[in-house]
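The values are calculated or read from the model by the stated rules, or taken from the named source; none is laboratory data. Keep in mind that this is a model prediction, so the values were computed, not measured. So basically every Cβ, Gly included, is an ideal-geometry build from the backbone, and we count neighbours across all protein chains shown.
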Amino acid sequence: MNTLPNPMSMETGRTKRGELVELAGHLALRQGYNPTGLSGVHILRTETVLHDVPVLYKPGAVFVLQGRKQGMLEGEVYLYDEEHYLAVSVPVPFRMESVASPERPLLAVYIEFDMTLGAEVASEVEMRRSGPAPDKAKSLVSSRMEPAIEDVVLRLLRALGDPMETAVLGAGILRELHYRVLVGPQGAALISALRQRGPSGRIVQSLGRLREAYNSEVSVTDLARDAGMSVPSYHAHFKALTGSSPMQYIKAMRLHEARLMMARQDRTIADVALSVGYVSAAQFSRDFKRHFHRTASEEVKWVRRHLGELALRS
C-alpha cells in the first residue's frame, strides 16, 4: 500500500538542511577553503561555475550542503551534491566540475581522514560485522547522504561555531563521522582500502611510498618488486584502483605539488620543475599546460583566487 510522505518529517528535513547551509555560510565567509577549529576540517565557499578542473584530493569525505559537484574518472561519474557525498580512500587524480553562483554559492564541508583513526574504526567494524567478505577496494565512492550522516555533519558544524564545543566535542564527532562513512552503503570498499589487504592493499602501500618520494627518480620495476608483483600485474592493479598508469599518476602528483609550490611563494619555473622531479623545465611547462589547460602563471592566479589561504598553507 502506498503511503503519503510525513509532512512533519519533510519539514524537519527542510529545517535541518536550512540550518546546515546557514552554519556553513557563517563559517565560510571567504571564497575558497576556510579554516576551522579542527585540523583537517575545511569549509569551502565558491561562487563560480567550474568545468574540467583537475583535482587530487587527500583521503577524506566531501559533504556538499548547497550546490553541486561531480567528478569524472575513467568514464565514471561520481556525484556529490546536496543528496550525495564523496568519500576518497586513496589520493587519485580526476577531473571535476561544479555548479554555483554569487546568489547561491556552493558550500561544502571537507573532512580529511585521520588514517590511524580510520584504520582503527575499520578494524572495529570488521570484527563486529557478519556477512559477505568486504567489497573490492575503491578509491572514490559516491553515496547517498543518509539521515545519520547528515545528523553528524550538523552536530559538527554546530560545534565548530563555539570554540569550547570544538575543543571538547570535536574529536568525538569526527570519530563518529569516520564510523558513519565506513558503515555506509559502500563503506566496505573503503574499509578494504584502509585495511590495506591483498593486491589492492599493496597498491595503497605503494602509493604511500610514492607520496614520500614523488620528486625522485621512480622505477616501475622497483615499485612492482616492492609490492611483490610482476610488472604487468602491478600495472593492472594500479590502474584498477587509481584509474591511471603508475607514470601518469606520478606525473599528476608532481604537477599538483608544483602548482601549490608556485601559489604559496614566487619561484621560477626551473626551480619548481627541479623540486618536483623534472629534469627539463621546458617539458615541465608543456606537461603543466596539458594537465591544467593554463600556463603556470595563469594557474597560480586561479589557485590564489579560488582555493583560498588555507589551501596555500596546508
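See the values below:
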quantity	calculated
Yes/no for GLU83 being acidic (Asp, Glu) and touching a Ser or Thr at 6+ places or on another chain (Cβ under 8 Å)	no
Yes/no for VAL53 being at pLDDT 90 or above and out of contact with any Gly (no Cβ under 9 Å at 6 or more places or on another chain)	yes
Scan of segment 201-233 for residues that are surrounded by 16 or more Cβ atoms within 10 Å (Cβ to Cβ) and either under 24 Å from the mean Cα position of the chain (by Cα) or within 25 Å of LEU274 (Cα to Cα) (or both), ordered by number	GLY201, ARG202, ILE203, VAL204, SER206, LEU207, LEU210, TYR214, ASN215, VAL218, LEU223
Selection within segment 120-140 - modelled with pLDDT under 85 and surrounded by fewer than 18 Cβ atoms within 10 Å (Cβ to Cβ)	GLU126, MET127, ARG128, ARG129, SER130, GLY131, PRO132, ALA133, ASP135, LYS136
Verdict on VAL88 being of a type in the set (A, V, I, L, M), in contact with a Pro (Cβ under 6 Å, 6 or more places away or on another chain) and closer than 29 Å to LEU255 by Cα	yes
Residue check, LEU154 more than 22 Å from the chain's Cα centre (by Cα), crowded, with 16+ Cβ neighbours inside 10 Å and not in a loop (DSSP other than H, G, I, E, B)	no
The one condition in (1) over 30 Å from LEU27 (Cα atoms); (2) part of a helix (DSSP H, G or I); (3) touching a residue at least 24 places away in the same chain (Cβ under 8 Å) that SER244 fails to fulfil	(2)
Number of the condition not met by TYR278 [criteria: (1) over 22 Å from PRO59 (Cα atoms); (2) in a helix (DSSP H, G or I)]	(2)
Residues being surrounded by fewer than 16 Cβ atoms within 10 Å (Cβ to Cβ) and aliphatic (A, V, I, L, M) - total across segment 82-92	0
Among the residues listed as ARG104, ARG95, the single one being part of a strand (DSSP E or B), assigned by TED's automatic domain parsing to the domain that holds GLY67 and exposed (fewer than 14 other Cβ atoms within 10 Å of the Cβ)	ARG95
Matching option when the condition is under 14 Å from the mean Cα position of the chain (by Cα) and at pLDDT 90 or above, among ALA61, ALA100	ALA61
Checking ARG202 against (1) among the charged types (D, E, K, R); (2) without any contact (Cβ under 8 Å) to a residue 12 or more places away in the chain; (3) outside the structural domain of ALA87 (by TED's automatic domain parsing), the condition it does not meet	(2)
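One line per residue, one yes/no per condition, for (1) assigned to a loop (DSSP other than H, G, I, E, B); (2) at pLDDT below 90; (3) surrounded by fewer than 18 Cβ atoms within 10 Å (Cβ to Cβ):
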| site | (1), (2), (3) |
| --- | --- |
| SER142 | no, no, no |
| ALA148 | no, no, yes |
| ARG158 | no, no, yes |
| MET164 | no, no, yes |
| LEU174 | no, no, no |
| LEU177 | no, no, no |
| LEU194 | no, yes, no |
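Residue by residue, here is whether (1) in contact with a Ser or Thr (Cβ under 8 Å, 6 or more places away or on another chain); (2) surrounded by fewer than 17 Cβ atoms within 10 Å (Cβ to Cβ); (3) outside the structural domain of LYS138 (by TED's automatic domain parsing) holds:
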| site | (1), (2), (3) |
| --- | --- |
| HIS237 | yes, no, yes |
| ALA263 | no, no, yes |
| THR268 | no, yes, yes |
| VAL272 | no, no, yes |
| SER275 | no, yes, yes |
| PHE284 | no, no, yes |
| LYS289 | yes, yes, yes |
| ALA296 | yes, no, yes |
